[in-house]
Amino acid sequence: MIALVRFAPKLGACAKNLSTIEWAVKNAAEKGAELVVFPEMIVSGYQLENLVSESALLKNSADWSGLLKLSSHTEIVIGCPIRQNSNFYNSMVVLREGRIAHVYHKMYLPTYGMFDEARYFSAGEKLGIYDGKLGATGLLICEDAWHPALAYAVHAAKPDLILVPSASPARGLSVDDKHHSARMWQSRLSIYAESFGTAFFYVNISGSEDGVRYGGEAFMAAPGGEIRFGQSLIENEVQFSFFSLTDADFSSSATTGGPWQNESHAKNLDLILQAKNIREQKNA
Amino acid sequence: MPENIEKILPLPETPCELWVPHITEILRAEIQKTGLTKAVLGVSGGIDSALSLAFAVKALGAENVTAYLMPYETSNPSSEDHGKLVCDHFNVKSEKIEVTPMANAYFSQISDLTNLQKGNVMARLRMIILYDRSSQNSALVVGTSNKTEGLLGYSTLWGDMASAVNPLGDLYKFQVRALSKFLGVPSELINKPPSADLWEGQTDEADLQMTYDIADRILYNWIDLARPRSEIAEKLRQCEHDPALVEKVFKRVSFSQFKRKMPVIAKVSRRTINREFRNPRDWGM
């Protein structure tokens, strides 16, 4: 079972948030979750500004000890600022079998409108792909998923499932009177899931920071594009959504068919090169 | 045949069912994360403070909200009646503290005060009362200024603009009206001409020399939809409204920019407050 878990993190209060995360992992594991996924920056809160430097964790920090113990039976994926040498990253940390199995640094840092990430963070350069408990797992942190080329690159590395942790402020209006931001995530990941034949799992932080509210949405975009919300539970102001592996249905896409079946990654890469050549000719 | 302004410069429907829980939740979270549970606000008898009151009641419960009626001797008596009406309607306790003795103590020492100056003094005295009462009650001050007046600068700096959390700050006047109807604000308050009630017979629209309807259409298209001002002026011309209103709005917005910012700081260090030293307001909460 997969659990998507979120709550309202306290800004800059990492120890407090980590203890909520530990409680939530135990709770989810007791209910049978093998993989527990938290949103982007759940450890620290999102709008940190200068608090990035004092909130960022080191990979070898003692702060991980509680979660590392819990990870012996449960794979844990959490978002936090990471300090590496003199750089800070907006990262997802994967804890599995008592160790930090993978760290992914967000590649696309939104720095426009209400966002200012590149002011505080360095951009990652390596694709987020790791061998997870449930199979090869891809990672896209929030804005990463707005870049179809990156989403495609992760897909082309052949993950069995793709996780999309996010800190997405609720704003704007869709045609059906929902927040545009929330609608957009469903339509975007639905199209990716349908096009790539891969399940996408989305989880957003909740709460309010300086008057900006996060929706706390969680859903799966099934390989056929259908949006599913799983089994929902709220305890101690923590929201859980549970998905059984049959919900995720990783393999069914192979039998139902879809556009990805005729996909040639070599051809796609060639098309990108053709586009690059055309651009360069235009610029020359 | 002139075009219809509602067709040429339309305003969107207000998504009340989406925004009421959204704004309520922000108000609740931002107050409660400070460790406080209560709110105070000034209730003028107008639609804006009535809507803020409605949000505060939804967010915190009526028992945790105190409304202050703060008339001056020239205030229209119907304002106080409407203030009491909305407090009774939402079952909120209200207290009346007249600003007359405080204001007159100052006015008696200064001659030649204009109505505008007097109005600003009253607005700032009300701020002093609200901040003092909030301290007394372990409460936060809930704001009552909407986006239209915030952009037009039609408000008193350190007066009615002062608050800890403002549920209306991103809502244009037309959205305030729609949400007020949705939340059951008494119709007497919704239907009367908006007035700061700083002197007898004053109305917002006379002060602004334009209707809120026109101001909202210009601001919504310019600010929210990022349409060029020249295009908006052309559309006004098409429906036989004065295209010069766009420039008038622009001048008001640009001239009042200082009201929407903290004071200018003379920079000398390498880490100046709010320039390099940037921390969220919710730091540690």
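The values are calculated or read from the model by the stated rules, or taken from the named source; none is laboratory data. Because the structure is a prediction, the values reported are computed rather than measured. All Cβ positions, glycine included, derive from the backbone under ideal geometry; neighbour counts span all protein chains shown.
Answer with yes or no whether residue B:11 is part of a loop (DSSP other than H, G, I, E, B), within 13 Å of chain A (Cβ to nearest Cβ), in contact (Cβ under 8 Å) with a residue 40 or more places away in the chain and within 27 Å of residue A:169 (Cα to Cα). It would help to see each step written out before you state the result.
Working: part of a loop (DSSP other than H, G, I, E, B): yes; within 13 Å of chain A (Cβ to nearest Cβ): yes; in contact (Cβ under 8 Å) with a residue 40 or more places away in the chain: yes; within 27 Å of residue A:169 (Cα to Cα): yes.
Taking the combined requirement at face value, the residue satisfies it.
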>> I need the full set of residues from the range B:201-218 which are out of contact with any helix residue (DSSP H, G or I) (no Cβ under 8 Å at 6 or more places or on another chain) and either under 17 Å from residue B:171 (Cα atoms) or in a helix (DSSP H, G or I) (or both), in order please.
In response: B:206, B:207
> So which residues in the range A:13-23 are more than 14 Å from chain B (Cβ to nearest Cβ), within 24 Å of residue A:128 (Cα to Cα) and over 17 Å from the mean Cα position of the chain (by Cα)?
Replying inline: A:18, A:22
>> Go through (1) crowded, with 17+ Cβ neighbours inside 10 Å; (2) within 20 Å of residue B:174 (Cα to Cα) for residue B:285 and report which single condition fails.
In response: (2)
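Residue check: is residue B:41 within 17 Å of the chain's Cα centre (by Cα) and within 10 Å of chain A (Cβ to nearest Cβ)?
Details: within 17 Å of the chain's Cα centre (by Cα): yes; within 10 Å of chain A (Cβ to nearest Cβ): no.
So residue B:41 fails the test.
Could you tell me how many of the residues in the range B:129-171 are among the hydrophobic types (A, V, I, L, M, F, W, C) and closer than 23 Å to residue B:64 by Cα? Walk me through it before giving the result.
First, the residues of the range B:129-171 that are among the hydrophobic types (A, V, I, L, M, F, W, C): B:129-130, B:139-142, B:151-152, B:157-158, B:161-162, B:164-165, B:168, B:171.
Narrowing the set further to residues that are closer than 23 Å to residue B:64 by Cα leaves B:129-130, B:139-142, B:161-162, B:164-165, B:168.
Qualifying residue count for the region: 11.
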> Looking at residue B:40, is it assigned to a helix (DSSP H, G or I), touching a residue at least 24 places away in the same chain (Cβ under 8 Å) and of a type in the set (Val, Ile, Thr)?
Replying inline: no
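Which residues, taken from the range B:87-142, are in a loop (DSSP other than H, G, I, E, B) and either more than 20 Å from residue B:40 (Cα to Cα) or outside the structural domain of residue B:57 (by TED's automatic domain parsing) (or both)? I'd like the intermediate steps shown before the answer.
Keep residues of the range B:87-142 that are in a loop (DSSP other than H, G, I, E, B), which gives B:90-92, B:97-99, B:108-114, B:138.
If the condition is that a residue be in a loop (DSSP other than H, G, I, E, B) and either more than 20 Å from residue B:40 (Cα to Cα) or outside the structural domain of residue B:57 (by TED's automatic domain parsing) (or both), then B:108, B:109, B:110, B:111, B:112, B:113, B:114 are the ones that fit.
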>> If I ask for residues that are under 25 Å from residue A:135 (Cβ atoms), among the basic types (Lys, Arg) and in a strand (DSSP E or B), which ones from the range A:53-100 would you list?
In response: A:96, A:99
> Which residues, counting only those in the range A:34-48, are crowded, with 24+ Cβ neighbours inside 10 Å, more than 12 Å from every other protein chain (Cβ to nearest Cβ) and out of contact with any helix residue (DSSP H, G or I) (no Cβ under 8 Å at 6 or more places or on another chain)?
Replying inline: A:35, A:37, A:39, A:41
> How many residues are touching an Asp or Glu at 6+ places or on another chain (Cβ under 9 Å) and within 14 Å of chain A (Cβ to nearest Cβ) when one looks only at the range B:227-276?
Replying inline: 1
>> As an exercise: evaluate residue B:221 against (1) under 19 Å from residue B:174 (Cβ atoms); (2) within 14 Å of chain A (Cβ to nearest Cβ); (3) polar (S, T, N, Q) and give the number of the one condition it does not meet.
In response: (2)
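Based on this model, can you work out whether residue B:198 counts as surrounded by 17 or more Cβ atoms within 10 Å (Cβ to Cβ), part of a helix (DSSP H, G or I) and away from chain A (no Cβ under 14 Å)?
Values: surrounded by 17 or more Cβ atoms within 10 Å (Cβ to Cβ): yes; part of a helix (DSSP H, G or I): no; away from chain A (no Cβ under 14 Å): yes.
Judged against the criteria, residue B:198 is not a match.
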>> Looking at the range B:271-284, I want the residues that are farther than 22 Å from residue A:10 by Cβ and have a partner that is surrounded by 13 or more Cβ atoms within 10 Å (Cβ to Cβ) and not acidic (Asp, Glu) with Cβ atoms under 9 Å, at least 6 apart or on another chain. Which pairs are those?
In response: B:276/A:50
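Looking only at residues that are assigned to a strand (DSSP E or B) and acidic (Asp, Glu) in the range A:196-241, which one is farthest from residue B:22 (Cα to Cα)?
Among residues in the range A:196-241 that are assigned to a strand (DSSP E or B) and acidic (Asp, Glu), the one farthest from residue B:22 (Cα to Cα) is A:235.
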> Would a scan of the range B:52-61 turn up a residue that is within 14 Å of chain A (Cβ to nearest Cβ), crowded, with 17+ Cβ neighbours inside 10 Å and of a type in the set (Phe, Trp, Tyr)?
Replying inline: yes
> Out of the range B:30-46, which residues are among the small types (Gly, Ala, Ser) and under 20 Å from residue B:126 (Cβ atoms)?
Replying inline: B:39, B:42, B:44, B:45, B:46
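For the range A:30-47, give me the residue count where each residue is touching a strand residue (DSSP E or B) at 6+ places or on another chain (Cβ under 7 Å) and closer than 18 Å to residue A:201 by Cα.
Restricting attention to the range A:30-47, the residues satisfying the condition of being touching a strand residue (DSSP E or B) at 6+ places or on another chain (Cβ under 7 Å) are A:31, A:33-47.
Within this subset, residues satisfying the condition of being closer than 18 Å to residue A:201 by Cα are A:33-42.
Total meeting the criteria: 10.
Going through the range A:170-185 one residue at a time, which ones are out of contact with any Phe, Trp or Tyr (no Cβ under 7 Å at 6 or more places or on another chain) and away from chain B (no Cβ under 14 Å)? Can you show your working first?
Of all residues in the range A:170-185, those out of contact with any Phe, Trp or Tyr (no Cβ under 7 Å at 6 or more places or on another chain) come to A:171-184.
Within the range A:170-185, just A:184 meets the criteria.
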> When you look at residue A:10, is it of a type outside the set (A, V, I, L, M, F, W, C), buried (at least 19 other Cβ atoms within 10 Å of the Cβ) and within 14 Å of chain B (Cβ to nearest Cβ), yes or no?
Replying inline: yes
